[in-house]
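To keep things clear, I will list the structure first and then write my remarks on it.
The values are calculated or read from the model by the stated rules, or taken from the named source; none is laboratory data. In this text, all values refer to a predicted model and were calculated from it rather than measured experimentally. Every residue, glycine among them, receives a Cβ derived from its backbone with ideal geometry; neighbour counts consider all protein chains shown. For the accessible areas, the whole protein counts, side chains as well, though only heavy atoms, and no ligand, DNA or RNA atoms are used. Shrake-Rupley method; radii C 1.70, N 1.55, O 1.52, S 1.80 Å.
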Amino acid sequence: MREPGIDYHAVFEASPSATLVLNSVFVIMDANPSFQDLVGRTRDELIGQYVFNAFPQDDKSEMEDLKASLHRVLESGAQDVAGPIRHDLEEPDRPGVFAERYWSPINAPVLDSDGQVTLIVHRLEEITDLVRAGDPDADHRRRQMELELYARSRQLQQVNERLPQANARERQIALALQDSMLPAPQALARHQAAVRYRPAIHALNVCGDWYDVTQLPNGNYAVAVGDVVGHGLAAVGVMGQLRSALSAAIRVVGGPASALDGLDLYARSVDGALSTTAVQTIIAWADHRITYSSAGHPPPALADPDGTVRFLDQATDPPLGASLEHTPRPQASTTYADGATLVLYTDGLIERRGEDIDQGLQRLADHLARHGNGQVEALADELIDLSSATDDTAVVVVRL
């Protein structure tokens, strides 16, 4: 039974934090009751207003730090902290009279499926009492506190600015390491194969997706893909170990299920390897038969020359190490016609934020039904272009 969906608008309305939703040109799209109460304005008075025009005051320079923060969110796609800022509010019973108020704003991006910033969540925490520090030396202490808070916020901002640079360096190293671990597939004697790997475009860290295409000593072909949980150098290191282990196992055991059995036992001894998903296939070209086994991985797609698409989902078990006790994995097989196309992939090809996975599988099936007979290199390019920009994706296409 599926759990009921979360009503995110109700969560927004109930949040005790004063929150605005802004679009990419900083126009207010929504304001929750906590924000309305905090600033003494109704939703109708706020929605549709340019955020810097919604709260009139004499000193516009106080808004420059907030404006810079919002622009940084648009450019980086990452959360940013502004201020503290002084922004006075008109007293409800004294029109034209403004009370001195201080705020600590936090701005966070809302990304679309391509990783682009479409909305900004702007949250305010009032710190007036903290800044004013009511005692006989209030003015001096207020200014001292304001300066200290501002200095602290700038330190945090500098840390935020350095983190993307550090993560970008780690990403470059991880990509180079992953590229070295994902060489071009071996040439197959009787079939064509194409592979593609694309890291998430806007993510700071790459993931542990892998593929392997091998011609076995008996003339059959072994094709596999896998996906390690986690990101960055650690995930790439685990990926390399598991890819090598599975590639070695499929050469010496009786079939895909036995190979995944061995990989499951091995994964339990490798830090960071648990919950990895993988699918292993063996293509027996003489018999026109595909034998396969899956450890919690999305099912391979088999497109017949007439446009019929089947998903190989009859031998699926939990991910590596997910079961408390090791049990033998299932295995299934199916036949294929000359000219059919086998596609193995990781979840970045079919998953979209806010979309059911069945929709992604249907999108893949529809594309293969229309274009599955195309050249394997061109088809691999088309499929990688279908993938989500927010997740790593590996794709293997084999023309049978």
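So in the range 195-236, with the set limited to residues that are at pLDDT 90 or above and small (Gly, Ala, Ser), which one is farthest from PRO298 (Cα to Cα)?
Result: ALA222.
Do we have ALA284 as open to solvent by less than 70 Å² (accessible area, probe 1.4 Å), farther than 18 Å from ARG196 by Cβ and of a type in the set (Gly, Ala, Ser) here? Give the steps one after another, and end with the answer.
Working: open to solvent by less than 70 Å² (accessible area, probe 1.4 Å): yes; farther than 18 Å from ARG196 by Cβ: yes; of a type in the set (Gly, Ala, Ser): yes.
Criteria met by ALA284.
If you check PRO109 against the conditions, is it closer than 30 Å to GLY354 by Cβ, open to solvent by less than 50 Å² (accessible area, probe 1.4 Å), at pLDDT 85 or above and of a type outside the set (Phe, Trp, Tyr)?
Working: closer than 30 Å to GLY354 by Cβ: yes; open to solvent by less than 50 Å² (accessible area, probe 1.4 Å): yes; at pLDDT 85 or above: yes; of a type outside the set (Phe, Trp, Tyr): yes.
When the stated conditions are applied, PRO109 passes them.
Given the options GLU355, GLU351, name the one that is of a type in the set (Asp, Glu), open to solvent by less than 70 Å² (accessible area, probe 1.4 Å) and under 27 Å from ALA235 (Cβ atoms). Steps first, answer last, please.
On the way: GLU351 fails: open to solvent by less than 70 Å² (accessible area, probe 1.4 Å).
Being of a type in the set (Asp, Glu), open to solvent by less than 70 Å² (accessible area, probe 1.4 Å) and under 27 Å from ALA235 (Cβ atoms) holds for just one of GLU355, GLU351, which is GLU355.
Mind counting the residues in the range 30-57 that are open to solvent by 20 Å² or more (accessible area, probe 1.4 Å), modelled with pLDDT of 85 or more and among the hydrophobic types (A, V, I, L, M, F, W, C)?
Counting residues in the range 30-57 that are open to solvent by 20 Å² or more (accessible area, probe 1.4 Å), modelled with pLDDT of 85 or more and among the hydrophobic types (A, V, I, L, M, F, W, C) gives 1.
Please go through the range 305-342 and pick out each residue that is surrounded by 19 or more Cβ atoms within 10 Å (Cβ to Cβ), outside any strand (DSSP E or B) and in contact (Cβ under 8 Å) with a residue 40 or more places away in the chain.
The answer is ALA315, PRO319, LEU320, GLY321, ARG329, GLN331, TYR336, ALA340.
Just the residues that are touching an Asp or Glu at 6+ places or on another chain (Cβ under 8 Å) and open to solvent by 40 Å² or more (accessible area, probe 1.4 Å), please, taken from the range 87-105.
GLY96, VAL97, PHE98, ARG101, listed by residue number.
Residue by residue through the range 239-292, note down the ones that are touching a helix residue (DSSP H, G or I) at 6+ places or on another chain (Cβ under 7 Å) and aromatic (Phe, Trp, Tyr).
Within the range 239-292, TYR266, TYR292 meet the criteria.
Within the range 373-397, take every residue that is at pLDDT below 90 and more than 18 Å from THR346 (Cα to Cα) and give me the one that is least open to solvent (accessible area, probe 1.4 Å). Write out each step before concluding.
Of the range 373-397, the ones at pLDDT below 90 are 373-374, 384-394.
If we keep only those that are more than 18 Å from THR346 (Cα to Cα) as well, we get 373-374.
Values: ASN373: 100, GLY374: 30 Å².
The residue in question is GLY374.
Is it the case that the range 70-86 has a residue that's at pLDDT below 80, open to solvent by 30 Å² or more (accessible area, probe 1.4 Å) and more than 16 Å from VAL121 (Cβ to Cβ)?
yes
Where residues in the range 239-273 are in contact (Cβ under 8 Å) with a residue 24 or more places away in the chain, farther than 19 Å from SER323 by Cβ and part of a helix (DSSP H, G or I), which of them is most open to solvent (accessible area, probe 1.4 Å)?
It comes out as ARG251.
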